[in-house]
1. Are there any strands (runs of 3 or more DSSP E) wholly within segment 1-72 with 3 or more residues that are closer than 20 Å to ILE103 by Cβ, and if so which?
2. Does ILE141 qualify as being assigned to a strand (DSSP E or B), closer than 23 Å to GLU186 by Cα and at pLDDT 85 or above?
3. Whether any residue in segment 177-189 is farther than 30 Å from GLU323 by Cα, in a helix (DSSP H, G or I) and modelled with pLDDT under 80 is what I want to check.
4. Any chance you could count how many residues in segment 73-87 are under 18 Å from GLY119 (Cβ atoms) and in a loop (DSSP other than H, G, I, E, B)?
5. Name the residues in segment 118-132 that are over 18 Å from GLY43 (Cβ atoms) and surrounded by 12 or more Cβ atoms within 10 Å (Cβ to Cβ), would you?
6. Before we move on, is ILE418 within 30 Å of VAL202 (Cβ to Cβ), without any contact (Cβ under 8 Å) to a residue 24 or more places away in the chain and surrounded by 12 or more Cβ atoms within 10 Å (Cβ to Cβ)?
7. Scanning segment 265-293 for residues that are assigned to a helix (DSSP H, G or I) and touching a helix residue (DSSP H, G or I) at 6+ places or on another chain (Cβ under 8 Å), which turns out modelled with the highest pLDDT?
8. For segment 75-92, name all the residues that are within 12 Å of ILE384 (Cα to Cα) and touching a Leu at 6+ places or on another chain (Cβ under 9 Å).
Amino acid sequence: MPAGNPYLLLLFLAVILIAFTFLMIVVKRYRRCPSNRILVIYGKVRAGQSSKCLHGGGAFVWPLIQDYAYLSLDPIQIEIPLKGALSIENIRVNVPSVFTVAIGTTGGAMENAAVRLLGLGTTEIMKQAEDIIFGQLRQVIASMKIDDINRDREKFLESIQRSLEPELEKIGLVLINVNITDITDESGYIDAIGRKAASEAVQQAEIDVAQQVRKGAIGVAEAEREKEIQVANAQKFQSIGTKEAERERAVRIAVLEKEKTVGEETARYEREAMVRNAEREMRVQVADFNAKAVSGENEAKARIADANATLKVKEAEAYQLGETRKRVADAAVLEAQYTAQAKAALALAAKAEAEKRAELEAVAKAEKAKQIVDAEAEAQKRRIEAEGDAAAIFARLEARARGEYEILARKGQGLKEIVQACGGSQEAFQMLMLEHMEHLSETAAKAISNIKFDKVVVWDGGNGKGGTAGFLQSLGSAIPPMLQIMRDVGGVEMPEFFGRLVKPAAGEDAKKGGAAGAKSKEPPETE
């Protein structure tokens with residue numbers, strides 16, 4: 001660039017200034033969107049769209065033709081003090097709750113929020129969402145029973161979300177959380193359900209405790225019974241062993257006694273044989289001595305046999321006495337054992353009877369409490385149904401009374417206008433009589449339509465014409481009096497084609513009356 005040309009220098013400086021200005025404008029008009037906001041660019045955007053929404057990132061906002069604004073994504077808590085909402089059972093329910101909503105970040109939700117919520121404050125947004133939540137919450141409660149609302153909270157919340165989310169999305173909001181504070185009703189039905197559930201739980205717990213106590217008592221009784229059986233078996237085996245030992249002892253003693261006696265007899269026989277041999281050798285010499293010796297020996301044997309017999313008798317008496325005392329002692333021990341067992345069995349039976357009585361009393365109390373709760377719930381339900389029926393009947397009768405009052409008021413107004421138009425009540429009455437003439441005639445015809453005539457008798461009234469012709473003429477002559485009655489009583493003047501009323505002369509009237517009396521003496525009868 002030539003240094004001496006000032007114009008070129010100014011041009012260069014102007015270009016640099018313009019470039020710097022454009023760069024600053026670009027930097028200043030480039031908007032970045034934070035994560036907790038939505039950038040809404042409005043003005044001239046893409047065709048068919050009213051705005052351009054960005055969540056995160058950034059975009060260039062053209063000056064003059066575009067502008068921008070932010071929508072906050074901060075959650076908004078809305079308290080809904082819903083009271084008196086009707087359920088499907090026509091019971092008013094109070095459902096205070098807290099709803100947490102925020103502007104959605106999906107494409108459709110951001111576009112709806114830009115259209116309907118841009119420029120509104122948090123209070124205004126809360127007001128719109130509160131109206132929608134109130135309506136949808138009442139609709140959900142009206143489609144559910146109180147038992148379902150109170151028992152299945154998860155289903156209740158799912159129904160609220162399913163019904164509320166499409167409506168909130170229409171204004172660009174999404175439902176974050178629903179917190180049901182409490183569920184009550186004006187009639188106390190939910191409290192009755194809670195008392196019933198608590199009573200049933202208490203009753204079930206008492207029943208479980210009684211069953212466990214009964215199982216423990218049964219186990220103890222079974223253990224005692226097993227113990228007694230095992231003790232009895234051991235005593236039985238002990239008695240059998242004792243008896244077998246005593247029997248083996250008696251047998252062994254008898255065998256030993258037998259062997260002893262046999263040995264003694266054998267020795268005696270050998271000794272006698274030896275003595276006899278010696279005697280045989282020395283018979284002659286010692287005959288006297290042998291005789292004395294044999295006699296002494298026999299006496300000695302008799303004393304030995306007597307001693308043995310006495311010993312056996314004493315042993316048998318001692319064994320019998322010992323066995324008797326042992327059996328008496330065993331019998332006393334068994335008697336004491338059986339007495340203790342009987343007392344234990346009686347104690348267990350009394351305990352089982354007391355437990356059974358307590359269990360039956362608990363079951364009876366539980367059943368009584370359940371019946372009381374059911375009766376209270378049924379009475380409350382019937383009272384609510386009766387109040388609903390009474391309110392419906394009262395509303396229906398009130399609506400009917402209002403309708404009838406309106407009809408009578410309109411009718412009275414119409415009659416008042418008719419009287420005013422006719423110029424007097426007499427003329428209006430005559431006009432109304434003419435209006436109802438057809439109905440009166442129809443009613444009179446119906447009154448005699450069902451009468452069955454076996455025959456019609458026509459009496460000649462002395463007019464000189466007998467038979468049916470006279471009857472018709474008499475019927476015709478009866479019309480003027482009827483017209484006169486209508487004119488005098490009802491005030492209605494019939495047209496002339498029905499006939500005119502003519503006043504007869506006095507002579508003619510008397511003449512006709514005399515002729516009629518003369519001819520009525522023997523009236524002809526015509527069927």
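The values are calculated or read from the model by the stated rules, or taken from the named source; none is laboratory data. Everything numeric here is computed off the predicted structure, so don't read it as measured data. For neighbour counting, all protein chains shown are included, and Cβ atoms are generated from backbone atoms with ideal geometry for every residue, glycine included.
1. Numbers: elements: 30-32, 37-43, 51-54, 58-60, 66-72.
Those strands (runs of 3 or more DSSP E) span 37-43, 51-54, 66-72.
2. Working: assigned to a strand (DSSP E or B): no; closer than 23 Å to GLU186 by Cα: yes; at pLDDT 85 or above: yes.
No.
3. Of the residues in segment 177-189, the ones farther than 30 Å from GLU323 by Cα are 177-189.
Retained after the next criterion (residues that are in a helix (DSSP H, G or I)): 189.
Those left that are additionally modelled with pLDDT under 80: 189.
Yes, segment 177-189 has at least one match.
4. Step one: filter segment 73-87 for residues under 18 Å from GLY119 (Cβ atoms), giving 73-74, 76.
Right, trim to in a loop (DSSP other than H, G, I, E, B) and you get 73-74.
Within segment 73-87, residues that are under 18 Å from GLY119 (Cβ atoms) and in a loop (DSSP other than H, G, I, E, B) number 2.
5. Restricting attention to segment 118-132, the residues satisfying the condition of being over 18 Å from GLY43 (Cβ atoms) are 120-132.
Correct list: LEU120, ILE125, MET126, LYS127, GLN128, ALA129, GLU130, ILE132.
6. Working: within 30 Å of VAL202 (Cβ to Cβ): no; without any contact (Cβ under 8 Å) to a residue 24 or more places away in the chain: yes; surrounded by 12 or more Cβ atoms within 10 Å (Cβ to Cβ): yes.
So ILE418 fails the test.
7. As a first pass, look at segment 265-293 and keep what is assigned to a helix (DSSP H, G or I): 265-281, 287-293.
After this cut, where a residue has to be touching a helix residue (DSSP H, G or I) at 6+ places or on another chain (Cβ under 8 Å) as well, the list is 268, 275, 279, 290, 293.
Values: ARG268: 79, VAL275: 76, GLU279: 74, ASN290: 64, ALA293: 68.
Ranking the qualifying residues of segment 265-293, first place goes to ARG268.
8. As a first pass, look at segment 75-92 and keep what is within 12 Å of ILE384 (Cα to Cα): 89-92.
Passing the criteria: only ARG92.
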